[in-house]
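Coordinate-derived values only; no laboratory data. What you see is a predicted model, and the numbers here were worked out from it, not measured in a lab. Cβ coordinates were reconstructed from backbone atoms using ideal geometry, including for glycine residues, and neighbour counts include every protein chain displayed.
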Amino acid sequence: MRNLKISLLSAFILFAIAGCKKTTPDLPATKIGVNPAKVSKLPTTAEEKKLVENLGKITEVLKEIYKDNSNLKVVNAAIFSRTYKDETVPVKDLIYPEVSLLPLSDKFILYTKKWNVSLNKFAEAFWQKAKKTNDTEFIHFLESLNYSLPTANNEPGNGNNPTVYFPYSEEYLPEGGGTVTYAPITSLATATADADEGLGDMPLFVNGIFQNYIQVLVNDDFCFANPTQIVGLNGIEIEPEPNGPPPPPPPPPGISRVYVGEGACKKQYDRLISFTGNGGGSEIKYCHLTGYLQPVNGQVTTFQDIVSVGFSRKDIRLYTSRKKTIFAVWDDDWVPNDLEQIFGIYEEDNVNTKKFEGSLGTTVTVVPGSTITGSIGYEVSVSSQDDIIRQLKISRNSYFTAAFEDQGWGYSTDGTFLPLPFTHGWPWYDGDQSGGADVCWTLPYKTLP
């Protein structure tokens, strides 16, 4: 449990619930200023400014209803349930229980039952405070989030789906199967920019009684040390397999199946705070491209396989001790006549475009039933605001010849599929957890005779 560092208001006694991992915040300095270098985008259009204004109004409602700890517990339960990826829950799921996915989550039900809280009561409290504002534009914005209600564009929420994001929530996961939770010392921040730093509000309590909010500087260091929720727009994806993917099936006889085995990410590609949907953890795409049996004068314009791996901000912050065990199929069967393939990596965003382009050698089709060894070009556009992370041409011969050899960065500890007499793990590519490129990986394979 972290010690409380008090630089002011030392007489305050912060209420805490015993038995939790973290209960007390590190109080901020009295002078607060956001570092402009950590701000990458400000709202500029009227639509963006209106969105940020409404996000701020959602935050103000949460600040009021969080004075009742039961409401905070509902949001925590929603995020801890991992119903959605990247430590996020849509506001819609919190204020429209009738269309929410949360009641379908076993983990959400577990937490809410153990903490004796209710999603319906949270929604009632939220709407009660929201309607007391007498802000008809704000109410209309909230109503547009309900997918069952039409909007001006006949689209859900006009494409703006506010979220509550809890970075580093894993630091505060309840121990003992969800039987306890931490005290209501949770800071709130509004995404007024795409940034790695912004202003937020932290509650102060005396003997468990709320006193007031004080302004704090919210960044990765603060969020790692203090529970913080950010109202903004993060990419909303349902977690398809919250308990982890199943083990990969063995390939059938005669198949040489290549996998993305393990991965590590050392760079925060997205912003901590975002109103554009480009915030939170990093969604890394490991891509496979081949021109095998394509028309001789053609061009490849899509990846054949994409392995998506989400790295949380904690995964990236603590990359030396945290890696992802993936073992997802990169190439279902790398056949002998497919001479070269492209291994590509990028981080997905919802703005800007990058291109993978070049050529590779493989077996191409002249006419149906007639093939030759030749060259084929490729040009694949992806949605990303970052530079392409990796575009690696791999020859089949060099890969299978050196698949068990050190690529300059040592070996992983995972030996899944590794045949005897090899006793080490699979080699790391482009780096390992201690150095090298920002994204590294292993590329194991399995062949059955």
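On a full-extension model of 0.36 nm per residue, what is the gain between Lys355 and Thr133, subtracting their alpha-carbon distance, rounded to one decimal in nm? Mind showing how you got there, number by number?
Working: separation 222, 0.36 × 222 = 79.92 nm, distance 4.75 nm.
That works out to 75.2 nm of additional length.
In summary, the range 256-447 shows an alpha-carbon radius of gyration equal to 1.07 times the 2.2 N^0.38 Å reference for compact globular proteins.
Taking the Cβ of Asp196 as the centre, find all other residues whose Cβ is under 13 Å away and add up their charges (Lys, Arg: +1; Asp, Glu: -1).
Details: positive: Lys38, Lys41, Lys267, Arg271, Arg313, Arg317; negative: Asp194, Glu197, Asp220, Asp221, Asp270.
Taking every Cβ under 13 Å from that of Asp196, the sum is +1.
Ranked from highest to lowest mean number of other Cβ atoms within 10 Å per residue, what is the order of the peptides 119-125, 58-64?
Details: 119-125: 17.9, 58-64: 20.0.
Result, highest mean first: 58-64, 119-125.
Of all alpha-carbon pairs in the range 326-385, indicate the percentage at a distance above 20 angstrom. Walk me through the intermediate numbers first.
On the way: 809 of 1770 pairs.
When all Cα pairs of the range 326-385 are counted, 46 percent exceed 20 Å.
Each principal axis of the Cα atoms in the range 36-232 has its own extent, and those three values, largest first, are 46, 41, 31 angstrom. When each of Asp135, Asp106 is scored by the number of other beta-carbon atoms lying within 10 Å, the sequence from fewest to most is Asp106, Asp135. Measuring r between the beta carbons of Ser395 and Glu171 and using R0 = 56 Å, the FRET efficiency lands at 0.80. Residue by residue through the range 328-340, which ³J(HN,Hα) values in whole Hz follow from phi under the Karplus form 6.51 cos²θ - 1.76 cosθ + 1.60 (θ = phi - 60°), with glycine and proline marked x? Computed from phi, the couplings for the range 328-340 are 10, 5, 9, 9, 5, 6, 7, 6, x, 7, 8, 6, 9 Hz. At full extension, Asn207 and Glu143 could sit 19.3 nm farther apart than now, given 0.36 nm per residue minus the alpha carbon distance. Please list, by residue number, everything in the range 81-99 whose backbone N is under 13 Å from a paramagnetic label point 7 Å out along Cα→Cβ of Arg322. The answer is 86-87, whose backbone nitrogens lie closer than 13 Å to the label point.
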